[in-house]
Every structure is written in C-alpha cells, then in structure tokens.
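Trainee: Here you go, one structure.
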Amino acid sequence: MAGTEQRSGGRYKPQVGSQMSSPNVIPMADIMLVLLIIFMVVTPMLQKNKPVDMARTNTARDMQDADREDAVVVAVTRDGSIFLGNTKVDKADLSGQVKDRVSNRVDKTVYLKSDARAKYGDVVAIVDEIRSAGVDQLGLLTERNERTGQPPPPPPSATTPSAD
C-alpha cells in the first residue's frame, strides 16, 4: 500500500492533467462589448416624442399623463417643424391626424411642447389647428425652474416706488 501513496506527507495527491484551471473570459467580454454597442445605438431611438428645449417656468404643474404610452404629444421645434410623436407632419395635415388619434378616446387631451425659441405665432397657429380637431383639453408642457429660495425678479415693466 506504500507504493500507491506519494511521499509528500503521507497524503494522496491526484495528478493534474493539462487542463486550464482559470475560466476564459475573453469570449464573454466580446459578447458584452457587442451588447453595449447595440444598446448605445438603440437607446436614442426609444424616445417616443421629439425632444425640444422647453420653456422654463416657476409655476409649472406636473402632468404625468403626458408620459403615458398612448398620450398624444405635439412638438414644435425652434425652426417651426411640427412633430406628432416622432413623426414629422405638415401644418395642414395636423388637424386631421390629431382628430384620428383622439376620435375613439374618452380623454381627448393633447399635450403641446414647444421649443423656448420657437416663434410665438407658429405656436398659436398650432394650438388653433389642435383645437379645430375637436380636442377637449390642451396641456402646454414646460420645465420647472430650479428652486433657489429667492423670489423671481419683477417683470421689466414693473416700477419701483421712489422715496421722494
């Protein structure tokens, strides 16, 4: 029985073959890099509405319904382009397309988000087109100003009383 044991302290040690004891992570790293690239390419396409730089206000109210999947959102960019969701539409076609989207809904609310630098006349014309589609309520989306603890500055037309 002494012939089957090795001389290292009396314990039996099995002979290790030429197998690699550490895992090979290079194929896994390749797959992870490919997945990362795919997500980086696809993520910007997942936005359901056209992004615009909305006006900032101090009295903005939260409108969680505008974030729903089935919300009807019209966006006006600074150059006057009109988007219904992510689809660019002409001003003449806007009323008909909005009417089609809200015709079978109980809640006929449409949300309008306009770029802060869009022309006021363009935005008013879009509001008129949306109203002519039979929309019950129109929500104007804005961004909330950060709270600094200071009151907002007075409007430029306000005069301060003088101490005469």
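Derivation of every value follows stated rules applied to the coordinates shown; laboratory data play no part. As the structure is a prediction and not an experimental result, all values here were calculated from the model. All Cβ positions, glycine included, derive from the backbone under ideal geometry; neighbour counts span all protein chains shown.
Trainee: Within 10 Å of each candidate Cβ there may be at most 10 other Cβ atoms; applying that plus a DSSP loop requirement, which GluC sites (Glu not before Pro) in the range 88-148 survive? Don't skip to the end; give the middle numbers.
Mentor: Numbers: sites: Glu129, Glu143, Glu146; in loops: Glu146.
Here the sparse-neighbourhood loop sites are Glu146.
Trainee: Taking R0 as 25 Å, what's the FRET efficiency between Val41 and Lys119 from their Cβ-Cβ distance, rounded to 0.05?
Mentor: Once rounded, the FRET efficiency stands at 0.15.
Trainee: Still on this model: Taking the Cβ of each residue in Lys99, Lys88, Lys113 as the centre, tally the other Cβ atoms inside 10 Å and list the residues starting with the fewest. Mind showing how you got there, number by number?
Mentor: Numbers: Lys99 15, Lys88 12, Lys113 24.
Placing the least packed residue first, the sequence is Lys88, Lys99, Lys113.
Trainee: For Asn145 and Arg105, FRET efficiency with R0 = 30 Å and r from the beta-carbon atoms, rounded to 0.05?
Mentor: Values: r = 32 Å, r/R0 = 1.08.
The calculated FRET efficiency here is 0.40.
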